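The values are calculated or read from the model by the stated rules, or taken from the named source; none is laboratory data. For clarity, every value in this text was computed on a predicted model and none was experimentally measured. Because the Cβ atoms are built from the backbone with ideal geometry, glycine has one as well, and the counts that use them run over all protein chains shown.
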Amino acid sequence: MHLLFIADPLTQFKIHKETTYAMMRAAQSRGHHIWACTSSQMYSNAMIGTTAQQIKLLDSATQAHWFDVVETSTKALKEFDAVIMRKDPPFDVNYVTDTWLLDAAVRQGAVVFNAPTAIRNHSEKVSILEFPEFTAPTLITSDKSLINEFHQTHKDIILKPLDGMGGAGVFRVTEQGMNLGSVIEVLTQKSTRPIMIQKFLPAISEGDKRILLIGGQVVPYALARIPQNGEVRGNMAVGGKAVAQPLSERDWQLANALAPVLWSRGILLTGLDVIGDCITEINVTSPTGFQEVFNQTGFDVAGLFIEMLEHASN
């Protein structure tokens, strides 16, 4: 198969932890041809196409030199056996435009994962509202009075933007309410942008667990991202310690409930974020954690992903 990865520039990959790199390695090991482009290289000229590089990953890979370019070619997206959308957020107007182009490519015969319509329809934060039985108390609003009321009810809360990633812009406000007004003003841009507010979950001290769902199957290990040095955020991007651990009974309950629903919508890869017993986010753009789980447990997450991709593309 010829697989196209739409991702951030290859020169930006940190190959010791990059999940897209792990996917590419697993695909190449199974005999597939690897192609890569950035979203800015996509275009519409009757057909949806791109200028992409076919690359070969090196056995003796180093951060400075981990692939060779085999060829550069301009192709319609439908010419690839599968297109894997792996561009990182922010989920801004450019990202939305990417999903529109990918939707058009699907109509022309391209096979794209995650399904672009599903990516666009599943805000990674707002989508948890579909599953209230599995979530902590959550408010989405730009109204200062509603946020103040939520704080008075729950005392200890988390506030975060709807379009962030990696823990960026996440604030905790405790019962004293210190700086709540300023946080609201900054995050809502003076009540013009809705944000997410959730009840603080003390179980964050045990980790913000990333549970991976692939083609309706559940990876049996979660990656608990444990806050360090007084942080309230466990995200690896802000220094959280990543510890792979078997799923708990509650983890299995949550994962088994959501896995078939999300896969039925064309979401091949999902990253559930779970704190304690509650889902806090449903990540569908470019979930990570493959290499950390493999390195600590030996479970070949990337291999499972490519296997499920093969089945889904036939």
- Message: Among the residues in the stretch 250-267, are any surrounded by 17 or more Cβ atoms within 10 Å (Cβ to Cβ) and at pLDDT below 95?
- Response: no
- Query: Take the residues of the stretch 109-121 that are farther than 18 Å from residue 314 by Cβ and among the aliphatic types (A, V, I, L, M): which is surrounded by the fewest Cβ atoms within 10 Å (Cβ to Cβ)?
  - Reply: 118
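Tell me, please, whether a residue that is under 28 Å from residue 258 (Cβ atoms), assigned by TED's automatic domain parsing to the domain that holds residue 10 and not in a strand (DSSP E or B) can be found in the stretch 49-58. Spell out how you get there, then give the answer.
If we filter the stretch 49-58 for residues that are under 28 Å from residue 258 (Cβ atoms), which is where we start, we get none.
No, the conditions are met nowhere in the stretch 49-58.
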- Of the criteria (1) under 24 Å from residue 313 (Cβ atoms); (2) touching a residue at least 12 places away in the same chain (Cβ under 8 Å); (3) surrounded by fewer than 20 Cβ atoms within 10 Å (Cβ to Cβ); (4) not charged (D, E, K, R), which one residue 106 fails: (2)
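Residue by residue, here is whether (1) buried (at least 22 other Cβ atoms within 10 Å of the Cβ); (2) under 27 Å from residue 160 (Cα atoms); (3) under 16 Å from the mean Cα position of the chain (by Cα); (4) in contact (Cβ under 8 Å) with a residue 40 or more places away in the chain holds:
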residue: 225; (1), (2), (3), (4): yes, yes, yes, no
residue: 247; (1), (2), (3), (4): no, yes, no, no
residue: 274; (1), (2), (3), (4): yes, yes, yes, yes
residue: 284; (1), (2), (3), (4): yes, yes, yes, yes
residue: 302; (1), (2), (3), (4): yes, no, yes, yes
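Look through 97, 141 and report the one residue that is outside the structural domain of residue 288 (by TED's automatic domain parsing), more than 22 Å from residue 40 (Cα to Cα) and at pLDDT 95 or above. Break it down stepwise before answering.
Numbers: 97 fails: more than 22 Å from residue 40 (Cα to Cα).
After applying the criteria, what remains is 141.
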- Query: Considering 79, 18, 71, which residue is among the acidic types (Asp, Glu), touching a helix residue (DSSP H, G or I) at 6+ places or on another chain (Cβ under 8 Å) and at pLDDT 95 or above?
  - Reply: 18
- Message: Of everything in the stretch 23-42, what is over 21 Å from the mean Cα position of the chain (by Cα) and either surrounded by fewer than 17 Cβ atoms within 10 Å (Cβ to Cβ) or small (Gly, Ala, Ser) (or both)? Give them in sequence order.
- Response: 29, 30, 31, 33, 41
- Could you tell me whether any residue of the stretch 52-70 is without any contact (Cβ under 8 Å) to a residue 60 or more places away in the chain, closer than 26 Å to residue 106 by Cα and exposed (fewer than 11 other Cβ atoms within 10 Å of the Cβ)? no
- Verdict on residue 213 being aliphatic (A, V, I, L, M) and outside the structural domain of residue 293 (by TED's automatic domain parsing): no
- Message: If I filter the stretch 170-177 for residues that are of a type in the set (Ser, Thr, Tyr), in contact (Cβ under 8 Å) with a residue 40 or more places away in the chain and more than 24 Å from residue 263 (Cα to Cα), do I get at least one hit?
- Response: no
- Query: Across the stretch 168-199, which residue is farthest from residue 91 (Cα to Cα) among those that are in a loop (DSSP other than H, G, I, E, B) and among the hydrophobic types (A, V, I, L, M, F, W, C)?
  - Reply: 178
- Query: Which of the residues spanning the stretch 140-169 are out of contact with any Asp or Glu (no Cβ under 9 Å at 6 or more places or on another chain), surrounded by 18 or more Cβ atoms within 10 Å (Cβ to Cβ), in contact (Cβ under 8 Å) with a residue 40 or more places away in the chain and of a type in the set (A, V, I, L, M)?
  - Reply: 147, 157, 158
- Kindly state which helices (runs of 4 or more DSSP H) lie completely within the stretch 214-314 and contain at least 2 residues that are of a type in the set (D, E, K, R). 249-264, 301-313
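Any residue in the stretch 9-21 that is among the polar types (S, T, N, Q) and surrounded by 17 or more Cβ atoms within 10 Å (Cβ to Cβ)? Can you show your working first?
Restricting attention to the stretch 9-21, the residues satisfying the condition of being among the polar types (S, T, N, Q) are 11-12, 19-20.
Next, only the ones that are surrounded by 17 or more Cβ atoms within 10 Å (Cβ to Cβ) stay: 19-20.
Yes, the conditions are met somewhere in the stretch 9-21.
Would you pick out the residues in the stretch 304-314 that are of a type outside the set (Phe, Trp, Tyr) and within 18 Å of the chain's Cα centre (by Cα)?
First, the residues of the stretch 304-314 that are of a type outside the set (Phe, Trp, Tyr): 304, 306-314.
Scanning the stretch 304-314 gives 304, 306, 308, 309.
For the stretch 86-96, check the following and say yes or no: at least one residue is more than 21 Å from residue 265 (Cα to Cα), touching a residue at least 40 places away in the same chain (Cβ under 8 Å) and assigned to a strand (DSSP E or B).
Residues of the stretch 86-96 that are more than 21 Å from residue 265 (Cα to Cα), as a first pass: 90, 92-94.
Narrowing further to those that are touching a residue at least 40 places away in the same chain (Cβ under 8 Å): 90, 92, 94.
When the remaining residues are screened for being assigned to a strand (DSSP E or B), the result is none.
No, the stretch 86-96 contains no residue that is more than 21 Å from residue 265 (Cα to Cα), touching a residue at least 40 places away in the same chain (Cβ under 8 Å) and assigned to a strand (DSSP E or B).
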